[in-house]
Amino acid sequence: MNNRVYYDGKAFELFISEEKISDTVDRLAQDISKHYAHINEPLVLISILDGSFIFMADLIRSLDLEVSIQFVKLKSYQGTTSRGEVAHILKLQEDIKGKYVLVIEDIVDTGLTLEVFIEELRKKEPAEIKVCSLLSKPEVHNNIIDLDFVGMEIPPDFIIGYGLDLNGLGRQLPEIYRLVV
Ligand code: IMP
């Protein structure tokens, strides 16, 4: 583990340890398992790629529930600010009508991605849609989206690691690092 990593000429400092992430994922898994204990069907987890793939992989292995999983890819993230565009690159593979759906996000920054995506999901008439995000930047999105399960609230800093990237780099880091400004 390094205290600093460098990508694209930018320095990032250690922000959230592997242990803290793992504790947070376990806590979320417990809350989610408890919340859906009454449904007599698999919970449909929809992971928003690319950033949430590591979180999703860890989360599903800690859940005490039957799940079915789907992946969608909504946009590419460029640079250190949101682009404000949502493009569908990979669409839902299976029908969600009448199902319990939990959307899995890595981080909610402006909330724009989720806002547009949830609106589209509603048209497919699932029984229920809830959202789980490992990280949330409330100072940026001002709670425009209802987040049902949140791992950690963080300040509006740009971060990488544990699936999150800077122009495609840094996703493999087991810890989360924040941009040094
Ligand atoms: P939003 O639409 O602004 O909420 O952005 C959501 C997506 O932007 C997330 O799923 C991430 O992929 C990406 N993103 C937002 N903040 C960060 C960050 O600090 N580091 C890396 N990616 C981020």
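The values are calculated or read from the model by the stated rules, or taken from the named source; none is laboratory data. The shown structure was predicted, so the numbers you read here are calculated from the model rather than taken from an experiment. Quick reminder, even Gly has a Cβ in these numbers, built from the backbone with ideal geometry, and neighbours come from all protein chains shown. Keep in mind that these areas ignore ligands, DNA and RNA; they rest on the heavy atoms of the full protein, side chains included. Shrake-Rupley method; radii C 1.70, N 1.55, O 1.52, S 1.80 Å.
Let me have the 222 nm mean residue ellipticity of the chain computed from DSSP H runs of 4+ only, each contributing -39500 (n - 2.57), with the sum over all residues rounded to the nearest 500. Don't skip to the end; give the middle numbers.
On the way: 4 runs with 43 residues, N = 181.
My calculation for the chain gives -7000 deg cm²/dmol from helical runs alone.
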If you roll a 1.4 Å probe over the heavy atoms of the protein chains, what accessible area per residue do you get for the chain, in Å²? 51
Quick one: pull the percent of accessible area on the stretch 25-154 belonging to carbon and sulfur, 1.4 Å probe, ligands and nucleic acids left out. 45
Multiply the residue separation of ASN142 and ILE89 by 0.36 nm, subtract the distance between their alpha-carbon atoms, and state the gained length in nm to one decimal. 16.3 nm
Each label sits 7 Å from Cα toward the beta-carbon; between HIS38 and ARG122 the label points are separated, in nm, by 2.3
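Take the chain, mark every one of the GluC sites (Glu not before Pro) that falls in a DSSP loop and has at most 15 other Cβ within 10 Å, then report the longest stretch left between them, sites excluded. Intermediate values should be presented prior to the final figure.
On the way: sites that count: GLU66, GLU85, GLU94.
For GluC sites (Glu not before Pro) (loop position, at most 15 other Cβ atoms within 10 Å), the longest site-free span of the chain is 95-181.
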Square roots of five times the C-alpha gyration tensor eigenvalues of the chain, ordered largest first and given in whole Å, equal 27, 19, 14
Using alpha-carbon coordinates, inclination of helix 18-35 to the longest axis of the chain, degrees: 10
